[in-house]
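Notes follow once the structure below has been shown.
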Amino acid sequence: MALTVARMSDVPVLVRDSWNPATCPAELLPWLAWAFSVDIWDTSWTDAQKRAAINASVAVHRHKGTPAAMKTALDALGYGLELQEWHQLTPQGDPYTFGVDVDVSETGLPAQSDYTLIETVANSAKNVRSHMTFFNVHGTINGTFYAGGLSVCGETVSINSGD
């Protein structure tokens with residue numbers, strides 16, 4: 001019996017690592033997301049996006065229905081997102097409305113499914129009375145542009161033969 005129990009203690013039990021989004025084995029992430037009540041989950045996400053969604057879940061649920069919860073949930077997707085509420089717009093929007101500005105300068109244009117995902121995540125974290133009225137996507141492309149030109153000057157001379 002002592003030998004059997006001694007061998008059991010040699011088997012690594014990674015309980016602490018399994019409950020940490022940063023150290024959880026990738027194959028266990030869906031179950032960790034379920035345990036953390038992640039509202040939106042996509043199996044096609046990268047491991048970094050999955051870990052960010054799990055990590056953000058507690059803060060989102062703690063403040064659900066607030067702009068902070070929406071910002072936290074949207075930030076976990078990995079895009080440069082800015083939430084704009086009706087009172088922050090010029091001119092002011094209708095009460096209880098908001099919009100999302102997405103900066104794709106670093107990530108490139110998202111796929112069509114990403115637009116749906118961003119809208120779904122925003123709607124799951126917002127309060128019930130608020131409604132999304134706009135979704136702007138903008139980006140900046142940095143690069144070198146070369147342009148050239150040529151300037152020609154001269155005169156046209158006509159010579160008539162002595163006829």
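The values are calculated or read from the model by the stated rules, or taken from the named source; none is laboratory data. These numbers come from a predicted model, not from an experiment. Every residue, glycine among them, receives a Cβ derived from its backbone with ideal geometry; neighbour counts consider all protein chains shown.
From the list 34, 41, the lone residue that is among the hydrophobic types (A, V, I, L, M, F, W, C), under 30 Å from residue 17 (Cβ atoms) and touching a Lys or Arg at 6+ places or on another chain (Cβ under 9 Å) is 41. The set of residues from the stretch 1-29 being surrounded by 14 or more Cβ atoms within 10 Å (Cβ to Cβ) and touching a residue at least 12 places away in the same chain (Cβ under 8 Å) comprises 18, 21, 24, 29.
Pairs are defined by a Cβ separation below 6 Å, a sequence spacing of at least 6 or placement on different chains, a first member in the stretch 138-159 that is touching a residue at least 24 places away in the same chain (Cβ under 8 Å), and a second member that is part of a loop (DSSP other than H, G, I, E, B) and surrounded by 10 or more Cβ atoms within 10 Å (Cβ to Cβ); the pairs so defined are 139/104; 139/105; 140/105. Looking only at the stretch 37-91, which residues are out of contact with any Ser or Thr (no Cβ under 8 Å at 6 or more places or on another chain) and of a type in the set (Phe, Trp, Tyr)? Passing the criteria: 41, 45.
Go through the residues of the stretch 12-29 one by one and say whether even a single one is within 24 Å of residue 113 (Cα to Cα) and small (Gly, Ala, Ser). Yes, the conditions are met somewhere in the stretch 12-29.
Closer than 16 Å to residue 132 by Cα and at pLDDT 90 or above: is that true of residue 97 in this structure? Yes, satisfied.
Would you be able to say whether some residue in the stretch 133-151 is surrounded by 10 or more Cβ atoms within 10 Å (Cβ to Cβ) and either assigned to a loop (DSSP other than H, G, I, E, B) or in contact with a Pro (Cβ under 7 Å, 6 or more places away or on another chain) (or both)? Yes: the stretch 133-151 contains one or more residues that are surrounded by 10 or more Cβ atoms within 10 Å (Cβ to Cβ) and either assigned to a loop (DSSP other than H, G, I, E, B) or in contact with a Pro (Cβ under 7 Å, 6 or more places away or on another chain) (or both). Residue 103 passes every criterion in (1) touching an Asp or Glu at 6+ places or on another chain (Cβ under 8 Å); (2) in contact (Cβ under 8 Å) with a residue 40 or more places away in the chain apart from (2).
Condition check for residue 129 on (1) exposed (fewer than 13 other Cβ atoms within 10 Å of the Cβ); (2) within 30 Å of residue 26 (Cβ to Cβ); (3) in contact (Cβ under 8 Å) with a residue 12 or more places away in the chain: one failure, at (2). Candidates in the stretch 102-132 are the residues that are under 19 Å from the mean Cα position of the chain (by Cα) and in a strand (DSSP E or B); of these, the one that is farthest from residue 62 (Cα to Cα) is 103.
Among all residues of the stretch 79-96, there is none that is surrounded by 19 or more Cβ atoms within 10 Å (Cβ to Cβ), out of contact with any strand residue (DSSP E or B) (no Cβ under 9 Å at 6 or more places or on another chain) and not acidic (Asp, Glu).
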